[in-house]
Amino acid sequence: MKSIKTKVRRVIVGKLEPDEDIIDAITDLVKTHNITSGFVNIIGALKKITIGFFDLESMKYNFKTFDEDVELISCKGNISYKEGEPIIHLHVAIGREDFSLIGGHLSQPSIVSITGEVFIFEIAEKLNRAIDPKFGLTLMDL
């Protein structure tokens, strides 16, 4: 395992509005507040959600979009950078009307229905990503 030691610089709190895409809105928030890197935590409600699962055999993500009202039970991830641009990496647990759960890697489109409550814990260090040749994915480069 590789690691770094850093400190929390500040906490940014945001409110996602109806019809906003989560990843686009978080990217805008990162740019507006000049966030170095950090931990993201979101709860809320969505009307459309796109999630993925990485298939190790095909070495590709399988994505599916759900056009339904859901609870965003948990959305956690991080902010890092690739070639100077922010990368928002989030995983989600989604509650459906029948009280079942689905989850995976958050992708687009993922659209807010009512609200999303966002907490970003910014760290002092800038985290970067690079292509990992083994998987062909852009992974954290510590």
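No lab work stands behind these numbers, since they all come straight from the coordinates. These numbers come from a predicted model, not from an experiment. All Cβ positions, even for glycine, are placed from backbone atoms using ideal geometry, and neighbour counts span all protein chains on display.
For this structure, a couple of remarks:
- FRET efficiency for PHE53 and SER74, using Cβ-Cβ distance with R0 set to 22 Å, rounded to 0.05: 0.85
- Length-normalised contact order of segment 8-140 in % [C-alpha pairs under 8 Å, at least 6 apart]: 38
- 5 angstrom amide H check on ASP141, placed H, neighbours 5+ away: ASN128, ARG129, ALA130
- Exposure proxy for VAL13, VAL112: other Cβ atoms within 10 Å of each Cβ, ordered fewest to most, give VAL13, VAL112.
- Annotation: peptides 102-111, 77-86, ranked by per-residue average of other Cβ atoms within 10 Å with the highest first, follow the order 102-111, 77-86.
- Taking PHE99, PHE119, PHE54 in turn, the Gaussian network model of the chain (Cα-Cα springs below 10 Å) assigns the largest fluctuation to PHE99.
- For the residue pairs LYS47/LYS82; LYS15/LYS47; LYS48/LYS134; LYS15/LYS82; LYS2/LYS82; LYS60/LYS82, the C-alpha atoms sit more than 22 angstrom apart in LYS47/LYS82; LYS48/LYS134; LYS15/LYS82.
- Rounded, prolate or oblate (a/c below 1.5 giving rounded, otherwise prolate when a/b exceeds b/c) for the chain by Cα gyration tensor: oblate
- In this label model, LYS60 and ASN34 are separated by 4.2 nm, measuring between points 7 Å along each Cα→Cβ vector.
- About the Cα centre, charge dipole magnitude for the chain (Lys/Arg +1, Asp/Glu -1 at Cβ), debye: 820
- Net charge of neighbours whose Cβ lies under 14 Å from the Cβ of ASN34, counting Lys and Arg as +1 and Asp and Glu as -1: +1
- Net length gained if the chain between LEU139 and MET1 were fully extended (0.36 nm per residue, minus Cα distance): 48.3 nm
- Spatially proximal aspartates and glutamates relative to LYS64 (Cα-Cα < 20 Å; intrachain offsets below 8 disregarded): ASP19, GLU20, ASP21, ASP24, ASP55, GLU97, ASP98
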